[in-house]
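Notes for the one structure printed next.
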Amino acid sequence: MAIRQHLCSCCIILLWVCAVHADQIPEPEPLYDLARLRQDSNSARLEVLKEILRERGIPFELQSFQSAPSPHGRTQGTNIIMSFGPDTKEITVCAHYDAVESTEGELIGGMVDNGAAVIILVDLAKALKSHTLRHRVRVVLFDMEEIGLLGSRAYVATHKPEIIAAINVDVAGMGSTMAYAPGKAERVAHIQKAIGLACTELEFSCLEFPNFPPGDDRTFQEMNLPVVSMAFIPPLESILKIQSLMKLLHTQDDNLDKIDATTLNPATQVVLKTVLNLDEIIE
Ligand SMILES: [Zn+2]
């Protein structure tokens, strides 16, 4: 009896220690995961991303597609697809994970464009696991955007009949203003409404910015699918910062030191809220 009581006390202490310990284990920092995307090749980026998703318990599948040789000589691209919610029509939330490949065999930059957006979507995927959704939401990380939107083309070619709306995130981590470019297809009003509500609810600074550089959103537009592309940038009043942002894209200066770590979690929250609003609003 005494031994049993003693054992029980030990169990209680052990449980308490475990509980305290669990509380103390910090969530992985977005900046830490983003730093892991600094790799020598897009293939290595893919491997790290698979590792991050496994660590976070986020199920995914891969879509492989053939392409003309990339500067590094890759002839196969790979998209990462994470699915949530019931088997219905689909809301696609996407970002490209590849960076520009130099012919010398290295990756050029790739943190603001578009590693930061990838980490935002990984955090979004983790959050979506605990939400009840009305629609299928697929979070998709595209390969080979930088050599002609090939990943998104392969994805949309396969999934077009299911897609009812798409949100693309391209360029992030440099500020807490969401600039968004609505595509031209019908039903974009639903996405704009979802964005507007999210920005109001979270008191997030958002503005329509039609002159976006082309990205994977063009693939959805070409297929007449409703799409909005988002970027997380400095406030438009900081014109110098915006100009330096435009200059650093696709250069070796697109480094981790350009990322403002405090902007990543709020960006994830506003994308999450937009997706949940859209899931409510859209038929
Ligand atoms: Zn990009």
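Of note:
- Relative packing of peptides 229-238, 258-267, 54-63 - highest average C-beta neighbours within 10 Å first: 229-238, 258-267, 54-63
- When peptides 42-49, 208-215 are sorted by average Cβ neighbour count within 10 Å, with the highest value leading, the order is 42-49, 208-215.
- Prolate/oblate/rounded call for the chain, Cα gyration tensor, a/c under 1.5 rounded: prolate
- FRET efficiency for the pair residue 239 and residue 47, taken as 1/(1 + (r/R0)^6) with r the Cβ-Cβ distance and R0 = 51 Å, rounds to 0.85.
- For the chain: lysine pairs under 22 Å (alpha-carbon distance), excluding those fewer than 8 apart on one chain: 15
- Chain lengthening between residue 162 and residue 184 when straightened (0.36 nm per residue, less Cα-Cα): 6.0 nm
- Nearest-0.05 FRET efficiency for residue 40 and residue 66, computed from C-beta distance (R0 30 Å): 0.85
- Helical segments meeting 15 Å axial Cα length and Kyte-Doolittle 1.6 threshold in the chain (DSSP H): 116-128
- On full extension, the segment bounded by residue 200 and residue 102 gains 31.1 nm, given 0.36 nm per residue less the C-alpha separation.
- Rounded to the nearest 500, the helix-only mean residue ellipticity at 222 nm of the chain stands at -13000 deg cm²/dmol, with each DSSP H run of n ≥ 4 adding -39,500 (n - 2.57).
- Residues 227, 100 in ascending order of nearby Cβ atoms (within 10 Å, fewest first): 100, 227.
Quick note: the coordinates plus some simple rules give every number you see, no bench work behind them. All figures in this text were calculated on a predicted structure; none of them were measured in a lab. Cβ atoms come from the backbone with ideal geometry, glycine included; neighbour counts cover every protein chain shown.
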